Structure formats: structure tokens, C-alpha cells
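One structure is given here, and the rest of the page talks about it.
The values are calculated or read from the model by the stated rules, or taken from the named source; none is laboratory data. Just so it is clear, the model here is predicted, and its values are computed rather than measured. Note that we place each Cβ from the backbone using ideal geometry, even for glycine, and neighbour counts take in every protein chain shown. Ligands, DNA and RNA are stripped out before the accessible areas are found, and what is left, the full protein with its side chains, is counted by its heavy atoms. Shrake-Rupley method; radii C 1.70, N 1.55, O 1.52, S 1.80 Å.
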Amino acid sequence: LIFAGLSQWFTPVERLVLFFIFSGTAILSLVKVIQDSKRWRYKFVYVLSMVLPFILMGQTLPFPGKDSATIRKTVLVSLGLASGKFDNSNALYQGEGCDRVGNRAYFNQKYVVSGAGLTFNTENPDLETKTSWGIVFILGNHAESYLSTDTTWNAPKPAPELLPENERKLIWGIHPFLSYDSRWFGIGGGWHMGKLGYSWHWREVEDTGFPYTGRKEVSLFPSLYLRVGPRDVAYADYHLADQFPSAFPGYLHMIGVGTGLGSFNRYSIRLGTLIGGPDRSQGILDIWDIPLLGLYTTGYFPLKNGFALEPLLVFTSAGADGKTDTQFSLGLHYQWNRKK
């Protein structure tokens, strides 16, 4: 509030300097929260409490006025790389009370995925609407290794020869998509097709036997994007397998909040958490019982001469040792063939 009220006292350059200083302080604070807090839902609440200052500061950043053109058509060429190394678990249990038996197996996942995309945008600056459609191609590899097991008495024992040890699999796919955005609402979707796979972060199902893997292979998977709230001020959004260059195999369900820093379709900063399926004892309609399995931060930052960067950092903690694992991606975009 103080920053917003005194914004007219500063020049545009001074506002940017102050903003980036506060950004660095916030990032260091987030690292401290991630290291010290034990439960991810507490980490998420702490992060949300830091969003409001960014929203208030964002409204003071200088941006050029609206384009006088009625319609703007652009083509976006994108290249990206995603990589990560994280632990996860898969559990099979049966029975009730003292008779409940089963195993929770822990695995290590490693992946590197590259992507290339082409997006066609049609914008109406007067109505603040934007329609986008395009296609993304991905190629990479995903390796899985067995780590350990938490087992109950009389639970099934694994066959050692079936446990994965740096078992590598190829990932490739295409992703056609379509989206529509207005100032207050956004929706989009598409289909992933190819040889794909995703990892459960913390899974528990009613079944017998031993869980020999922490990932699932798919050849067809939907993508979905939903946003509610003024794009330039503050909004809430949900993404299902919707992240460039690829949400596979590390982060499918992403929910969070964001701000356009006073801009409708230029800058954006998003913070949120990953969502997993409820455990056996939890109710899916109770939001506090839905596991919040990590923290992510991402954004879209235009540079000079039509270039833009789209970084992503994801922190999760689903291993037996409770340590924090990191995934990252970086997209480079170039906007060309501008028409008015």
C-alpha cells in the first residue's frame, strides 16, 4: 500500500529498480520457507501471503498505451528445455485397521525434454481479447530407479528382477491446442499425442501386490487451461498438462494465482502448487484434504526485438527422506510476422 501510494514520487526507472529489489528479497524468503516448513500446505499459504505486494507494485510499472489498431495478428516461434530429478512414491494397500497390509515403494525420476512450438495469435486491443492456436512438438527421455520400500507385516514381497534400475524410456509427442482470453476470463485446451508418461508424486490405491513403478505411460492425454480474474491485476488459474515446453512427466495439475503487472498480454508472474489425487482416507470435496504436493513459480517476460523468456521452477518433496527436489524449464519465444 505504501509503495502504491507513493508511486508517483518515483521515476519509471526507479520503480523498476525497487520492484526487482523486492523481487530478490521475496525469492530469498521463499527459499527459506521451503527449507524450514515441514508441510507443503503451510508453504503454500506463506507464498500466497506474499502475492499481494507484487500485485500492488505491478500496477505502478510503466507500460505503453493500447495499440490503436483494431486487430493484431502475430506468429510466435518457441524453443524450450525442461529437466528435473525428483523422488516419488506409489502404494498398494488392502484391509482395514490392524489387518491393513501393503507396501509403499519409493522411486527416483530423472528426465530431460526439449520442445518446439508455433503459435498464431489474434488480438483485439480495444476489447482486450486474444485467441491463440498452435502446435508443440516434444522429444526427450525419462529414467526411473527403485529406491526403497515402507512395508507392513505380511505384505507381498517384490521380485528383485522386476524393480527398475535407471530404466530409460523415450518421450515424444505433439500437442495441438486452442485458447481464448479476455480480461476477466480465459479458457483453452488440446490433446497430447505420442509416447508419453507422467509420474505420480504421492499415490495410494486399494490393491494387492507390489508397486513396481512410480510412473504411467500414455499415448493420448488432454490439456486444459482455466483462468478467472482480471488478467492485468490478479487472477486464479488451473493448468492440466499445459506448460511449455512440456508438463510431462513431472507436473500435470497446476493451480495458483498470478498477475499481469498492469499489462493484459505482455508480462505475467504466476505462483502456485501441484495437486495430486486424495489419499484413501481423505475426502475429495474437502479442499484441505487434497494433497498440495509442491510449489511452482513461472512467468512470461518480454525482451527486446520480439524475444521473450518463460522460466519455470518447481519444488516438490515426496521422497522417503523428505528432501526438497527441483525441476526447471526455460522457454525462448520470438514474435514475428506482425500484422495490423
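Quick one: would you say residue 227 is part of a strand (DSSP E or B), over 19 Å from residue 112 (Cβ atoms) and open to solvent by less than 50 Å² (accessible area, probe 1.4 Å)? Against the criterion (part of a strand (DSSP E or B), over 19 Å from residue 112 (Cβ atoms) and open to solvent by less than 50 Å² (accessible area, probe 1.4 Å)), residue 227 qualifies.
Of all the residues in the stretch 202-218, those that are under 14 Å from residue 252 (Cα atoms), modelled with pLDDT of 90 or more and of a type outside the set (Lys, Arg) number 2. Just one residue in the set 56, 76 is at pLDDT 85 or above and of a type in the set (A, V, I, L, M); that residue is 76. Taking the numbered list (1) buried (at least 16 other Cβ atoms within 10 Å of the Cβ); (2) more than 19 Å from the chain's Cα centre (by Cα) in turn, residue 118 passes all entries but (1). If you check 136, 112, which single one turns out to be part of a strand (DSSP E or B) and surrounded by fewer than 16 Cβ atoms within 10 Å (Cβ to Cβ)? 112 is the lone residue from the list that is part of a strand (DSSP E or B) and surrounded by fewer than 16 Cβ atoms within 10 Å (Cβ to Cβ).
Okay, residues lined up against (1) out of contact with any Pro (no Cβ under 9 Å at 6 or more places or on another chain); (2) free of Cβ contacts under 8 Å to residues at least 40 places away in the same chain; (3) on the phi > 0 side of the Ramachandran plot:
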position: 82; (1), (2), (3): no, no, no
position: 89; (1), (2), (3): no, no, no
position: 105; (1), (2), (3): no, no, no
position: 109; (1), (2), (3): no, no, no
position: 112; (1), (2), (3): yes, yes, no
position: 129; (1), (2), (3): yes, no, no
position: 133; (1), (2), (3): no, no, no
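Can we say residue 221 is among the aromatic types (Phe, Trp, Tyr), at pLDDT 90 or above, open to solvent by 50 Å² or more (accessible area, probe 1.4 Å) and part of a strand (DSSP E or B)? Spelling it out, it is not the case that residue 221 is among the aromatic types (Phe, Trp, Tyr), at pLDDT 90 or above, open to solvent by 50 Å² or more (accessible area, probe 1.4 Å) and part of a strand (DSSP E or B).
For the stretch 174-186, the condition holds for at least one residue, the condition being that it is among the charged types (D, E, K, R), surrounded by 15 or more Cβ atoms within 10 Å (Cβ to Cβ), outside any strand (DSSP E or B) and in contact with a Pro (Cβ under 9 Å, 6 or more places away or on another chain). Checking each residue in the stretch 144-174 for being closer than 15 Å to residue 247 by Cβ and either among the hydrophobic types (A, V, I, L, M, F, W, C) or free of Cβ contacts under 8 Å to residues at least 60 places away in the same chain (or both) picks out 171, 172, 174.
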